[in-house]
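The values are calculated or read from the model by the stated rules, or taken from the named source; none is laboratory data. Just so it is clear, the structure is predicted and the values come from calculations on it, not from any experiment. Here the Cβ positions follow ideal geometry from the backbone for every residue, glycine too, while neighbour counts run over all protein chains shown.
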Amino acid sequence: MRRWGYTPLLIISLVFLVVATWYNYQFQPLGQGDKVVTSSIDEVNREADSGPASAQTELDRAFSGLPDKQKVGLTLAFPLLVDDNLTASSSAQEISVWSVMAQTQPGFISLFGQGISQEQMAIVKAQLDRIFAGQPWQPVLAVDHEGGLVQRLSGDGFASLESWYEVCHLPGEERSAIMSDTALQLIKVGIGVVYGPVVDLYQSGSSLGHRSCSADPAVVTTRALELMQAYLGQGVLPVIKHYPGLGQSSRDLHQSFEVVAGNEADLQPFLSILSQQPLSGVMVSHAGVKDLYLTPCSLTKKCVNALLEEFPKTLVFSDALDMQAVYANPELEIEKGDLLTASRLALEAGVDVLVFGQGVKPEQMHQLSLDLVELYQHDPNFKSLIDAHARKIWDYRQIYWQ
């Protein structure tokens, strides 16, 4: 019997390779066709490097050329209370807020208010277009939109959502439709960041109540990824919260500090979700963890680094730095209202974006910006710290908010 020679075998192998390549191109059985976010920070930089005019050099040059105030500003989420006073034309509050915001030049704006309508959001967006015309960026609009008691955008033009717990337990098609509609409503009014979904485990007696989805980490992970895919599909960055898990918390951290008895189950949703969607955001809580961290995780380098060692590209947000848990910790003894110390400790811990609640006034944000810029200009270590956080945020802008 005649044996196959080398040349026929080579021809057959090449034919098989061509057919397999064509099939994978058409149907993507070996790819990730349904993954929404396909680029990473490294890929963005590689693509820029390969550009004919060295787009990466231009990207680096653009960042390096930012004034100190803008680099510091990238790390700030400016709290904005949207109410009738703000959106009333030429009101004293309206003029003051926008003027201070223009001076502060924050990277993000956290929206607060009750029953905010689409009409009010249109006014906010028009003002941002006006005051940031000609600037290298506009602040990214961020909002809590969990449903139930935590939904800022619930006025005319927005659907009123059930609690996250109730949405999690809806039938699949109904749940999917709600998630898709929610993402569309948010992107329509210019939202770029959602503080959610909540991935803390549900537990009877927890301070979170129906803000949590389920006691089962697998269910929490699955439902959160469903909602995140809806957001990511519209170019909205989800920020899962509250790392390392508040399911066992019995106190409101807005009012007091607490050390929670964390365990592996509490961590599991964060690890599972970020392993699949590392280019997402995560909000770090102000709770301590029994036998590990007796200071707020958000201000503790070991706590934040435990996350960043696994997911260095994930964008880290603090919980609101005016919450009482920051100032009621006996180990740190930060004076109440000392936003500069709280911000510095958060940045040193590994937080990229500093979030503040609606109780922080525009004038306080402006003063904080000035104080941080002064530190940036006089402390080389702090300058390096800000540069690293700001550059990470800058790279995220190339992916989500160009």
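Please find, within the range 163-190, the residue that is surrounded by the most Cβ atoms within 10 Å (Cβ to Cβ) out of those that are outside any helix (DSSP H, G or I) and without any contact (Cβ under 8 Å) to a residue 60 or more places away in the chain. Step through it out loud before you land on a result.
Pass one, the range 163-190, residues outside any helix (DSSP H, G or I): 163, 169-171, 189-190.
Restricting the remaining residues to those that are without any contact (Cβ under 8 Å) to a residue 60 or more places away in the chain gives 163, 169-171.
Details: Ser163: 20, His169: 14, Leu170: 15, Pro171: 8.
So the residue we want is Ser163.
Kindly state which helices (runs of 4 or more DSSP H) lie completely within the range 327-402 and contain at least 2 residues that are without any contact (Cβ under 8 Å) to a residue 24 or more places away in the chain and among the small types (Gly, Ala, Ser). Please lay out each step first, then the result.
Details: elements: 339-349, 362-378, 380-400.
Of the helices (runs of 4 or more DSSP H) lying wholly inside the range 327-402, those with at least 2 residues that are without any contact (Cβ under 8 Å) to a residue 24 or more places away in the chain and among the small types (Gly, Ala, Ser) span 380-400.
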### Query
Out of Gln120, Gln114, which single residue is surrounded by fewer than 22 Cβ atoms within 10 Å (Cβ to Cβ) and at negative phi?
Gln114
## Note on the structure
Within the range 267-323, of all residues that are farther than 26 Å from Leu340 by Cα and of a type in the set (Gly, Ala, Ser), the one surrounded by the fewest Cβ atoms within 10 Å (Cβ to Cβ) is Ser275
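Of all residues in the range 223-270, which are part of a strand (DSSP E or B) and hydroxyl-bearing (Ser, Thr, Tyr)? Steps first, please.
Of the range 223-270, the ones part of a strand (DSSP E or B) are 237-243, 259-260.
Within the range 223-270, Tyr243 is the sole residue that qualifies.
To keep it simple, each residue is scored yes or no on (1) over 15 Å from Leu76 (Cβ atoms); (2) in contact with a helix residue (DSSP H, G or I) (Cβ under 8 Å, 6 or more places away or on another chain); (3) buried (at least 19 other Cβ atoms within 10 Å of the Cβ).
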residue	(1), (2), (3)
Val355	no, no, yes
Gly359	yes, no, no
Glu363	no, yes, no
Tyr376	no, yes, yes
Ile386	no, yes, yes
His389	no, yes, yes
Arg397	no, no, no
### Task
Can you confirm whether the range 212-222 contains a residue that is in contact (Cβ under 8 Å) with a residue 12 or more places away in the chain and touching an Asp or Glu at 6+ places or on another chain (Cβ under 6 Å)?
yes
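For the range 32-125, which fully contained helices (runs of 4 or more DSSP H) count at least 2 residues that are at pLDDT 90 or above? Before you say what the answer is, go through the steps one by one.
Working: elements: 41-49, 55-64, 68-74, 84-87, 92-104.
Of the helices (runs of 4 or more DSSP H) lying wholly inside the range 32-125, those with at least 2 residues that are at pLDDT 90 or above span 55-64, 68-74, 92-104.
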#### Entry: Test set (1) more than 15 Å from the chain's Cα centre (by Cα); (2) among the small types (Gly, Ala, Ser); (3) surrounded by fewer than 18 Cβ atoms within 10 Å (Cβ to Cβ) - Gly235 fails condition number
(1)
### Task
Six or more apart or on different chains, Cβ under 8 Å: which pairs go from a residue in the range 82-97 that's closer than 17 Å to Leu128 by Cβ and among the hydrophobic types (A, V, I, L, M, F, W, C) to one that's at pLDDT 60 or above and assigned to a loop (DSSP other than H, G, I, E, B)? Could you list them?
Val82/Gly113; Val82/Ile116; Val82/Arg152
